[in-house]
Amino acid sequence: MNELLKVDYSRSEPTVSGRELHRFLEVETRYNDWFKRMCEYGFSENVDFYSILSKTGEFGGRPSTDHQLTIHMAKELCMIQRTERGKQARKYFLSIEKAWNTPEMIMSRALKMADTTIHQLMTENLRLLADNATMLPKAEYFDELVDRNLLTNFRDTAKELIIKEKTFIVF
């Protein structure tokens, strides 16, 4: 099916622009009023949709709020509209959802997640190896002091240096 609306795959699931869907469905009400009314059907922010503050146009003005709707929410909004355009968009979203849930796509997403996890773990491992290399000489020196029984406290060290303990601590 040809692309009726631009689908964004950058999140964990595909999303579409609320403003684009509003325009496609040819709803006569202003977008903000329409979207508030649609949210009364029980949709939740950061679950069913994500609010986005759009950039101002080249002529300035106030930025407008757009919403990235999950495919599930977009399908429901299309059903609520009860128009031919809504039916057409709903079929389109069903085909996107079907393609998104094919075994190949699921495996592809799983491999991407695994690659990301491997990269994060390798980075963390390199950091820990560097920390270990820094701490190793200190640990060996401390072990040597313990073995030779050369550990002293501030008071004893200050006495050996013939300095007052408080002066030694401040030093």
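Where a number appears in this text, it was derived from the coordinates with a stated rule and is not lab data. Small disclaimer: the values here were computed from a predicted structure and weren't measured. All Cβ positions, even for glycine, are placed from backbone atoms using ideal geometry, and neighbour counts span all protein chains on display.
Quick rundown of the values:
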item	result
Leu94 surrounded by 14 or more Cβ atoms within 10 Å (Cβ to Cβ), of a type in the set (A, V, I, L, M, F, W, C) and touching a residue at least 24 places away in the same chain (Cβ under 8 Å)	no
Residues of the range 33-48 that turn out to be farther than 17 Å from Met79 by Cα and either surrounded by 12 or more Cβ atoms within 10 Å (Cβ to Cβ) or in contact with a Leu (Cβ under 9 Å, 6 or more places away or on another chain) (or both), as a count	0
Pair list, Cβ under 9 Å, 6 or more apart: the range 129-154 residue under 30 Å from Lys166 (Cβ atoms), other residue surrounded by 10 or more Cβ atoms within 10 Å (Cβ to Cβ) and among the aromatic types (Phe, Trp, Tyr)	Leu151/Phe142; Phe154/Phe168
Residues being under 18 Å from the mean Cα position of the chain (by Cα) and within 18 Å of Gln88 (Cβ to Cβ) - total across the range 15-63	1
Residue count, the range 6-19 (criterion: under 13 Å from Ala74 (Cβ atoms) and either surrounded by fewer than 16 Cβ atoms within 10 Å (Cβ to Cβ) or of a type in the set (S, T, N, Q) (or both))	5
